[in-house]
Amino acid sequence: MAPRFGSLCYILVLIELCLVHHSLQQINPIVMGPVDTEAAEGTDAVFYCKVRTGQGLIVYWIVDRSIAVGPNVNRNEALPKYEIFGNPSNGYYNLRIKNVTLDDAFQYDCLVDAQGGGSNYEAGATLSVVNPAMAPGVPSCLDTTANEIVFDEGDELGNFRCRSSGGRPLGELKWSLLRSDQTLVDVNFDTQVDTSPSITATSSSYTMTAADHESQLACSLTHPSLNSDATCTVPSGSTKLIVRHFPIIDFGPRLDVHYLETKNVTIRCTATAYPGLIINVPELTFSDRSILLQTTLVEEGAIEAVIRISQRSDVGKSINCSATNAMGTTTTTLEIELTPVLPIWLLVVLMIIACLIVLLLSLCCCYCFCNGCKPKPTDDRPDLGDIKAAGYDVSESRSASVFQPNGLNGTDLRPINNDDDSFADMPLNDYTEYPPPPPVSDTTTTGFNDHETGEVNDGYLSPDAEDRFPPMIEDEHLMGEKRISSFKPDDMNLAPSPPPPPPLDLAPPKPIPIVEDE
Ligand SMILES: *[C@@H]1O[C@H](CO)[C@@H](O)[C@H](O)[C@H]1NC(C)=O
Ligand SMILES: *[C@@H]1O[C@H](CO)[C@@H](O)[C@H](O)[C@H]1NC(C)=O
Ligand SMILES: *[C@@H]1O[C@H](CO)[C@@H](O)[C@H](O)[C@H]1NC(C)=O
């Protein structure tokens, strides 16, 4: 018998420990667990699980006591069938089982890990797969009324219930506000499922704003067998929720001026309010009334003003528009601001001036350059010679044909078709001695020395190297051609090449005979 008593004691101690442990724990964090439900093949089944908020809880869903989905959201791409959804700030971690098949008829457990508490809590329910799908009953708004419901700005919306019964699976309910501008705003709500079966959604924690004036609270039911959501509204029919609010002022446009700008601007102030404005017209107040040209009352609650503002005197001045109703007064201020940008006309003028300056400068340059060239008109010639020497035909006003292509290969090297007398008049034998020497003085003082480095520069020696005089052209082609004694006189003009030392350039052909004398 002793061992029996022993085991009994052991069990009692265990139970006691459990109780003590339990009393140390927080209360069960699961506020509302899932409820057994039915779904047809191909539809979505939903289990709801609401937990206490604000305790750093972690929620999993356990499928068939074996697969854990979660925590808190399903990010596991291998389990695309499951979605954890709902409003966590309200404590909802619901499980959606998509596209149910017969193989999904399992137990589903909402498991909450109370972090630090050391224990888990869970609540489970079973999914039955039953065909066919059946539409639920239309939602009914239980707390509705045909009368106006009046709030003040900042009031809580309160609890409105909406219920849908039956259906396989149950429908899904949702509350929102349908505003007068046809936008939908989500409203928090609680969801309750009971075994009848039915589902109830209760609106909660929503603060009314001026924008919600003349809206309707709408409960919508979604179900796979419904083509579109079924809804019920609070208030029912076309009655709207009333939100008493301070005047809402729309005042614009923004006032900005650029540098050096003066302009006339039309500003408009519109005020809407519930209850209505005490004085029908919003009031404009100017920090400096001298900018005002005129005001016009456009319609009830709207006023326009034409003002003249200038960057020099008006930046920083302000205009107030205020409107008052039973709730109080709203004031909106427009300030004249400086946008640090030059006006377009000034930019255009500056650009034109810049263009003119550039044009003027380039004209000056051209003038100076051309003037500098005029004393040595022959400078252009070597270019022709270069082109020609390279075997190209030259088309210029000065007949290019005077240079036979590749003058070296032709048998007739005399100029043909020479219309230009300045070339024709040149004596043929002028070219037997080439190149013309520099002035004597220059020769005697510097010889072959490079004027800059002081070195003797062989590069200046012509192919006729015995010549003591530096050649006037660097182009070796030409030098070669020059040796043909029958070469036409035109090349004589080519002889002074552009880059040679200035004194050589200016040297007239006359010195040639002097050289011969020596
Ligand atoms: C639902 O599941 C069935 C069977 O697995 C499949 O044939 C069908 O394409 C699925 N439908 C959707 C919308 O995923
Ligand atoms: C601005 O208004 C004044 C006064 O009505 C008028 O003389 C002036 O021509 C207007 N200027 C422009 C740019 O419209
Ligand atoms: C505009 O309103 C503000 C407060 O809203 C006030 O401080 C300011 O003096 C007002 N300006 C004018 C020109 O009335």
Any pair with Cβ under 7 angstrom, 6 or more apart, that starts in segment 276-301 at a residue that is closer than 16 Å to Glu335 by Cα and ends at one that is part of a loop (DSSP other than H, G, I, E, B) and more than 16 Å from ligand 2 (Cβ to nearest atom): Ser287/Lys317; Asp288/Lys317; Ile291/Lys317
Failed item, numbered, when Ala210 is tested on (1) in contact with a His (Cβ under 8 Å, 6 or more places away or on another chain); (2) exposed (fewer than 14 other Cβ atoms within 10 Å of the Cβ): (2)
From the options Leu95, Leu111, Leu79, Leu127, residue that is within 16 Å of ligand 1 (Cβ to nearest atom) and not in a loop (DSSP other than H, G, I, E, B): Leu127
Residue in segment 146-163 that is assigned to a loop (DSSP other than H, G, I, E, B) and within 27 Å of Ala40 (Cβ to Cβ) present: no
When residues of segment 280-309 are limited to those that are out of contact with any Leu (no Cβ under 9 Å at 6 or more places or on another chain) and of a type in the set (S, T, N, Q), the one nearest to ligand 2 (Cβ to nearest atom): Gln294
Selected residue (only one of Ala271, Ala305 is farther than 14 Å from Asn325 by Cα, of a type outside the set (Lys, Arg), without any contact (Cβ under 8 Å) to a residue 60 or more places away in the chain and within 16 Å of ligand 3 (Cβ to nearest atom)): Ala305
Some residue of segment 234-248 being assigned to a loop (DSSP other than H, G, I, E, B), more than 16 Å from ligand 2 (Cβ to nearest atom) and either farther than 30 Å from Ser198 by Cα or in contact with a Leu (Cβ under 6 Å, 6 or more places away or on another chain) (or both): no
Strands (runs of 3 or more DSSP E) within segment 278-325 that include 2 or more residues closer than 27 Å to Pro340 by Cβ: 292-299, 302-310, 318-325
Residues that are in a strand (DSSP E or B) and out of contact with any Pro (no Cβ under 6 Å at 6 or more places or on another chain), drawn from segment 41-58: Val46, Lys50
Any pair with Cβ under 9 angstrom, 6 or more apart, that starts in segment 322-333 at a residue that is in contact (Cβ under 8 Å) with a residue 40 or more places away in the chain and ends at one that is away from ligand 2 (no atom under 16 Å from the Cβ) and among the basic types (Lys, Arg): Asn325/Arg244; Ala326/Arg244; Met327/Arg244
Any hit, segment 196-211, residues being small (Gly, Ala, Ser), farther than 22 Å from Gly33 by Cα and at pLDDT 90 or above: yes
Extreme residue, farthest from Thr331 (Cα to Cα), among residues of segment 259-275 that are more than 16 Å from ligand 2 (Cβ to nearest atom) and assigned to a strand (DSSP E or B): Tyr274
Single match in Arg75, Arg96, Arg52 (criterion: over 25 Å from Tyr206 (Cα atoms), surrounded by fewer than 20 Cβ atoms within 10 Å (Cβ to Cβ), touching a strand residue (DSSP E or B) at 6+ places or on another chain (Cβ under 7 Å) and not polar (S, T, N, Q)): Arg96
Every pair of residues 6+ apart whose Cβ atoms lie under 8 Å, when the first sits in segment 51-72 and is within 21 Å of Leu127 (Cβ to Cβ) and assigned by TED's automatic domain parsing to the domain that holds Tyr108 while the second is part of a strand (DSSP E or B) and acidic (Asp, Glu): Val59/Asp113; Tyr60/Asp113; Trp61/Asp109; Ile62/Asp109; Ile62/Glu122; Arg65/Asp109
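The values are calculated or read from the model by the stated rules, or taken from the named source; none is laboratory data. Computed from a prediction, not measured in an experiment: that's the story for all the values here. Reconstructed Cβ throughout: ideal geometry from the backbone, glycine too, with neighbour counts over all protein chains shown.
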